[in-house]
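A quick write-up on the structure given underneath.
The values are calculated or read from the model by the stated rules, or taken from the named source; none is laboratory data. Treat the numbers as computed from the prediction; the structure is a model and nothing was measured. Ideal geometry is used to build each Cβ from the backbone, glycine not excepted, and the neighbour counts take in all protein chains shown.
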Amino acid sequence: MTAVTTRALTRRYGAPKTGTGATALDGVDLTVERGEVYGLLGPNGAGKTTLCRILSTILLPTSGTAEVMGLDVVRDAGRVKRSIGIVFGGDRGLYSRLTVRENIRFWAALYGLHGSALRLRCDALLERLGLADRAGDRVDTLSRGMKQRLHLARGLVADPLLLVLDEPTVGMDPVAAHDFRALVGELREDGRTVLLTTHDMAEAEAVCDRVSLVDRGRIIATGAPSEIGALISRHERVEAGPVPAGAAEALGRLPGVVSVAPAGTDRMRIETRDSDATRAVLRLLVDAGVTSVVTGRPSLEEVYLHLVGDRGMAVHP
């Protein structure tokens, strides 16, 4: 049994027939195996959060199907809720005037725990997530990193089979984000399934077993982080100048050239999809008499923007 399976999952908002609607998910096929950390990587508005809300039974799909641990999110919504934990970024869902311990006790009570079972679960989570020393502190005195640890405690209070982390490190400083990613690694070691949404490529590469690139409600590529990294590493950048106008136009027509854009006074930035395209760019620049040329690699974020803009990429489940 897989942890998550979606087939042709679609969610539309508004009234598409009248031209006022929007498609948040467009025929998504997704399979997440039990025990893996799976990343959904994409910019804001790509459809990641909508997918999480459907899996969490907060939203209904317009069409298609979604299952969590073999349970349909529509027909078996009650059982799905008991098998899933949700962790959001920021301050949503925390009671700022209550203490850390009071927050966890409240959530545990909502799941039916009471008496010694509630106390044991609360103490275990405080210790596991490094919150024991702050148990008596009000939430509004915590750092962003500590608040996110408390969010994770909330997600784990019912010991769920699937944990959904929706942009969990938004707003964190680098140290807090690193610590949180280490906690995700511990969850993997426990054999727990984690579905992580993020727009941070480095984060996805650091913690995920597999990653899907999402754009405009569709999955455009899926693979292990190393495979996605190999896809990214093929992209190269050339900065040159001054480039004659005719040469700049010719560069844009070369196969494998992703973009040609100004890079300051009399300079151009050319980004390519592979080394063959880069060699063609260099030959054209030399033939055009360009004497100042620098090669390198674009940032991961820039490569991602080029990938999601490439509508010719294959769609993978």
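Could you tell me whether Gly78 is assigned to a helix (DSSP H, G or I) and either over 20 Å from the mean Cα position of the chain (by Cα) or more than 25 Å from Ile228 (Cβ to Cβ) (or both)?
Numbers: assigned to a helix (DSSP H, G or I): yes; either over 20 Å from the mean Cα position of the chain (by Cα) or more than 25 Å from Ile228 (Cβ to Cβ) (or both): yes.
For Gly78, the condition - assigned to a helix (DSSP H, G or I) and either over 20 Å from the mean Cα position of the chain (by Cα) or more than 25 Å from Ile228 (Cβ to Cβ) (or both) - is met.
Would you say Val214 is β-branched (Val, Ile, Thr), surrounded by fewer than 17 Cβ atoms within 10 Å (Cβ to Cβ) and modelled with pLDDT under 90? Explain how you work it out, then say what you get.
Numbers: β-branched (Val, Ile, Thr): yes; surrounded by fewer than 17 Cβ atoms within 10 Å (Cβ to Cβ): no; modelled with pLDDT under 90: yes.
No: the conditions fail for Val214.
Step by step: first the residues of segment 224-240, then only those that are modelled with pLDDT of 90 or more and of a type outside the set (D, E, K, R), then the one that is farthest from Asp274 (Cα to Cα). Which residue is that? Before you say what the answer is, go through the steps one by one.
At the first step, the residues of segment 224-240 found to be modelled with pLDDT of 90 or more are 238-240.
If we keep only those that are of a type outside the set (D, E, K, R) too, we end up with 238, 240.
On the way: Val238: 12, Ala240: 18 Å.
By that ranking, first place goes to Ala240.
Does Gly191 qualify as being touching a Leu at 6+ places or on another chain (Cβ under 6 Å), within 24 Å of Val73 (Cβ to Cβ) and not hydrophobic (A, V, I, L, M, F, W, C)?
no
For segment 104-214, list the helices (runs of 4 or more DSSP H) that sit wholly inside it and hold at least 1 residues that are within 20 Å of the chain's Cα centre (by Cα) and under 30 Å from Leu30 (Cβ atoms); which are they?
Details: elements: 115-128, 144-156, 174-189, 201-207.
Answer list for segment 104-214: 144-156, 174-189, 201-207.
So Val243 fits all but one of (1) touching a strand residue (DSSP E or B) at 6+ places or on another chain (Cβ under 8 Å); (2) outside any loop (DSSP other than H, G, I, E, B); (3) at pLDDT 90 or above; what number is the exception?
Here Val243 clears every test but (2).
Given the residues Val74, Val68, which is the only one that is surrounded by 18 or more Cβ atoms within 10 Å (Cβ to Cβ) and aliphatic (A, V, I, L, M)? It would help to see each step written out before you state the result.
Working: Val74 fails: surrounded by 18 or more Cβ atoms within 10 Å (Cβ to Cβ).
Just a single option satisfies the conditions, and that option is Val68.
Looking at segment 144-188, which of its residues are of a type in the set (D, E, K, R), under 22 Å from Tyr95 (Cβ atoms) and surrounded by fewer than 16 Cβ atoms within 10 Å (Cβ to Cβ)?
To start, the set of residues in segment 144-188 that are of a type in the set (D, E, K, R) comprises 144, 147, 149, 154, 159, 166-167, 173, 179, 181, 186, 188.
From what's left, under 22 Å from Tyr95 (Cβ atoms): 144, 147, 149, 154, 159, 166-167.
Result: Asp159, single match.
Any residue at all in segment 85-101 that is outside any loop (DSSP other than H, G, I, E, B), free of Cβ contacts under 8 Å to residues at least 12 places away in the same chain, in the same structural domain as Ala182 (by TED's automatic domain parsing) and within 30 Å of Val211 (Cβ to Cβ)? Spell out how you get there, then give the answer.
So in segment 85-101, the residues outside any loop (DSSP other than H, G, I, E, B) come out as 85-88, 99-101.
Narrowing the set further to residues that are free of Cβ contacts under 8 Å to residues at least 12 places away in the same chain leaves none.
No, that holds for no residue.
Kindly indicate whether Arg128 is within 21 Å of Glu167 (Cα to Cα), at pLDDT below 95 and not assigned by TED's automatic domain parsing to the domain that holds Asp166. Full working, then the answer.
Numbers: within 21 Å of Glu167 (Cα to Cα): no; at pLDDT below 95: yes; not assigned by TED's automatic domain parsing to the domain that holds Asp166: yes.
Taking the combined requirement at face value, the residue does not satisfy it.
Any idea how many residues of segment 255-276 are surrounded by 12 or more Cβ atoms within 10 Å (Cβ to Cβ) and assigned to a loop (DSSP other than H, G, I, E, B)?
5
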